[in-house]
Amino acid sequence: MTLAIGIDLGATKVAGALVNEQGHALAEARALTHAQAGVEPVVARIAEVVAQLLAQASEPVMGVGIGTPGLVDGAAGIVRNAVNLGWTEVALAHEAAGAIATQTGNALPVWVENDANSQAVGEFIFGAGRGLESFALVAIGTGLGGGIIANRQLIAGATYTAAELGHLSLDPDGRPCACGLRGCVETVVSGPGLVKSMRERLAQGGQTTLPAEFHAEDVVAAARAGDALALAALAETARWLGIALAAYVALLNPAAIVVGGGLGLSAFDLLIPAARVEIARRALPQSHETLQIVPAQVMSSAVGAAALVWQNQP
Ligand SMILES: [Zn+2]
């Protein structure tokens, strides 16, 4: 039995897990990121978390996988641009390996990938994508992330933006997006997008059971209780999700689409039937007749990051 360490590097926290070959977290550790302090202190905290987990390992640890926001050149281990961390051109794999060696005396190889991509690798190694030659992952949460496995390989893209379906504009005159475009899929298919869809309906004078302040999960709960406006808001999210998934289906013909993220999982049964109707309206039947749309199974981003270690074994 061999083990690996996965690190989910976020804007607020560094979450680590010691993971076995079945994708079970045997131990967990975390620290605050404090990204504004600069690269070196963040790398030092990653090394501290790795050291804590290494100390609890009773089997050999093969390496460390790090999932990070932003554009990542996984082959070179370089974070090209991560707005959330304020990073450009950070050689994270090299820096982290050095800090871990200094801290623990262990020369562990380190792999780095974009967080949604490492989630896709996690599903491929441990979860809903096991045994599949090709699938696409969509993670619907505060934004819309994606990852593509084709012919058992992660598709990163020439400039590391493959699967960034969240910023495909479906309506160039639609809602402004944080990226500068308008009508991006993520402006509707995300937690904040769903809240906005609900608020638009309320502004038109509709009746609802929701309180004045609400979150995406409240809209989902209201829809389950039969609130007509909440159901309509979710239907809009489902329709745009289906349009976006039709693009995956037409371009990749994946065996499966794995749906993750907080909203993607909590509203899975509310979103997917309507999304399927939209796919059927927009893509050849042969491209989606056998398509499976399934919920993600790997619930920890740190476990997903650990999968990078197994994915990169020869
Ligand atoms: Zn955008």
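Considering only residues that are in a loop (DSSP other than H, G, I, E, B), within 9 Å of the ligand (Cβ to nearest atom) and without any contact (Cβ under 8 Å) to a residue 24 or more places away in the chain, look in the range 166-181 and name the one that is surrounded by the most Cβ atoms within 10 Å (Cβ to Cβ).
Taking the range 166-181 first, the residues in a loop (DSSP other than H, G, I, E, B) are 168, 170-175, 177-181.
Right, trim to within 9 Å of the ligand (Cβ to nearest atom) and you get 168, 177-181.
Cutting the leftovers down to without any contact (Cβ under 8 Å) to a residue 24 or more places away in the chain gives us 177-181.
Working: Cys177: 18, Ala178: 12, Cys179: 15, Gly180: 8, Leu181: 15.
So, considering only residues that are in a loop (DSSP other than H, G, I, E, B), within 9 Å of the ligand (Cβ to nearest atom) and without any contact (Cβ under 8 Å) to a residue 24 or more places away in the chain, the one surrounded by the most Cβ atoms within 10 Å (Cβ to Cβ) is Cys177.
Would you say Cys184 is under 19 Å from the mean Cα position of the chain (by Cα), within 16 Å of the ligand (Cβ to nearest atom), modelled with pLDDT of 95 or more and not assigned by TED's automatic domain parsing to the domain that holds Val49?
On the way: under 19 Å from the mean Cα position of the chain (by Cα): yes; within 16 Å of the ligand (Cβ to nearest atom): yes; modelled with pLDDT of 95 or more: yes; not assigned by TED's automatic domain parsing to the domain that holds Val49: yes.
Yes, satisfied.
Checking the structure you have, find out if any residue of the range 96-105 is surrounded by fewer than 24 Cβ atoms within 10 Å (Cβ to Cβ), over 20 Å from the mean Cα position of the chain (by Cα), assigned by TED's automatic domain parsing to the domain that holds Val219 and not β-branched (Val, Ile, Thr).
The first filter runs over the range 96-105 and keeps only residues surrounded by fewer than 24 Cβ atoms within 10 Å (Cβ to Cβ), leaving 97-99, 101-105.
Cutting the leftovers down to over 20 Å from the mean Cα position of the chain (by Cα) gives us 97-99, 101-105.
Filter once more, keeping what is assigned by TED's automatic domain parsing to the domain that holds Val219: none.
No.
Yes or no: Gly16 within 17 Å of Asp115 (Cβ to Cβ) and surrounded by fewer than 21 Cβ atoms within 10 Å (Cβ to Cβ)? Full working, then the answer.
Numbers: within 17 Å of Asp115 (Cβ to Cβ): yes; surrounded by fewer than 21 Cβ atoms within 10 Å (Cβ to Cβ): no.
So Gly16 does not fit the description; no.
For the range 187-200, how many residues are closer than 15 Å to Val259 by Cβ and away from the ligand (no atom under 11 Å from the Cβ)? Give the steps one after another, and end with the answer.
Looking only at the range 187-200, we keep the residues that are closer than 15 Å to Val259 by Cβ, and these are 189-191, 194.
Now restrict to residues that are away from the ligand (no atom under 11 Å from the Cβ): 189, 191, 194.
Qualifying residue count, the range 187-200: 3.
Applying the selection to the range 135-154, what residues are closer than 29 Å to Glu236 by Cβ and surrounded by fewer than 20 Cβ atoms within 10 Å (Cβ to Cβ)?
Once the filter is applied, which keeps residues that are closer than 29 Å to Glu236 by Cβ and surrounded by fewer than 20 Cβ atoms within 10 Å (Cβ to Cβ), the range 135-154 yields Gly141, Thr142.
Considering only residues that are touching a helix residue (DSSP H, G or I) at 6+ places or on another chain (Cβ under 8 Å) and either assigned to a loop (DSSP other than H, G, I, E, B) or of a type in the set (Lys, Arg) (or both), which ones fall in the range 128-146? Explain how you work it out, then say what you get.
Going through the range 128-146, the residues touching a helix residue (DSSP H, G or I) at 6+ places or on another chain (Cβ under 8 Å) turn out to be 129-130, 132, 134-146.
Result: Gly129, Arg130, Leu132, Ser134, Gly141, Thr142, Gly143.
Take Val39 and tell me if it is crowded, with 20+ Cβ neighbours inside 10 Å and of a type outside the set (Gly, Ala, Ser).
On the way: crowded, with 20+ Cβ neighbours inside 10 Å: no; of a type outside the set (Gly, Ala, Ser): yes.
No: the conditions fail for Val39.
Out of Thr88, Thr104, Thr68, I need the residue that is of a type in the set (S, T, N, Q) and without any contact (Cβ under 8 Å) to a residue 24 or more places away in the chain. Which one? Don't jump to the end; show me each part of the working.
Values: Thr104 fails: without any contact (Cβ under 8 Å) to a residue 24 or more places away in the chain; Thr68 fails: without any contact (Cβ under 8 Å) to a residue 24 or more places away in the chain.
None of the other options fit; the residue is Thr88.
Residues that are over 19 Å from Leu194 (Cβ atoms), crowded, with 17+ Cβ neighbours inside 10 Å, more than 16 Å from the chain's Cα centre (by Cα) and among the polar types (S, T, N, Q): does the range 252-267 have at least one?
no
Just to be sure before I move on: is Ala120 surrounded by 18 or more Cβ atoms within 10 Å (Cβ to Cβ) and away from the ligand (no atom under 16 Å from the Cβ) in the structure I sent?
Values: surrounded by 18 or more Cβ atoms within 10 Å (Cβ to Cβ): yes; away from the ligand (no atom under 16 Å from the Cβ): yes.
Taking the combined requirement at face value, the residue satisfies it.
With respect to Ala158, is the statement that it is more than 17 Å from Ser118 (Cβ to Cβ) and either away from the ligand (no atom under 12 Å from the Cβ) or surrounded by fewer than 18 Cβ atoms within 10 Å (Cβ to Cβ) (or both) true? Please lay out each step first, then the result.
On the way: more than 17 Å from Ser118 (Cβ to Cβ): yes; either away from the ligand (no atom under 12 Å from the Cβ) or surrounded by fewer than 18 Cβ atoms within 10 Å (Cβ to Cβ) (or both): yes.
Taking the combined requirement at face value, the residue satisfies it.
Ile243: part of a strand (DSSP E or B) and either out of contact with any Cys (no Cβ under 8 Å at 6 or more places or on another chain) or among the acidic types (Asp, Glu) (or both), yes or no?
Considered against the rule, which asks whether it is part of a strand (DSSP E or B) and either out of contact with any Cys (no Cβ under 8 Å at 6 or more places or on another chain) or among the acidic types (Asp, Glu) (or both), Ile243 comes out as no.
Quick check on this structure: which one of Ala163, Ala139, Ala128 is of a type outside the set (Val, Ile, Thr) and either more than 16 Å from the ligand (Cβ to nearest atom) or touching a Leu at 6+ places or on another chain (Cβ under 7 Å) (or both)? Before you say what the answer is, go through the steps one by one.
Values: Ala163 fails: either more than 16 Å from the ligand (Cβ to nearest atom) or touching a Leu at 6+ places or on another chain (Cβ under 7 Å) (or both); Ala139 fails: either more than 16 Å from the ligand (Cβ to nearest atom) or touching a Leu at 6+ places or on another chain (Cβ under 7 Å) (or both).
From the options Ala163, Ala139, Ala128, the qualifying one is Ala128.
If we only count strands (runs of 3 or more DSSP E) wholly inside the range 3-113, which ones have 2 or more residues that are charged (D, E, K, R)? Write out each step before concluding.
Values: elements: 3-9, 13-20, 25-32, 61-68, 71-73, 78-82, 87-90.
By residue number, 25-32.
The values are calculated or read from the model by the stated rules, or taken from the named source; none is laboratory data. The structure presented is a predicted model; accordingly, all values stated were derived computationally and were not measured. Glycine gets a Cβ as well: all are built from the backbone with ideal geometry, and neighbour counts include every protein chain shown.
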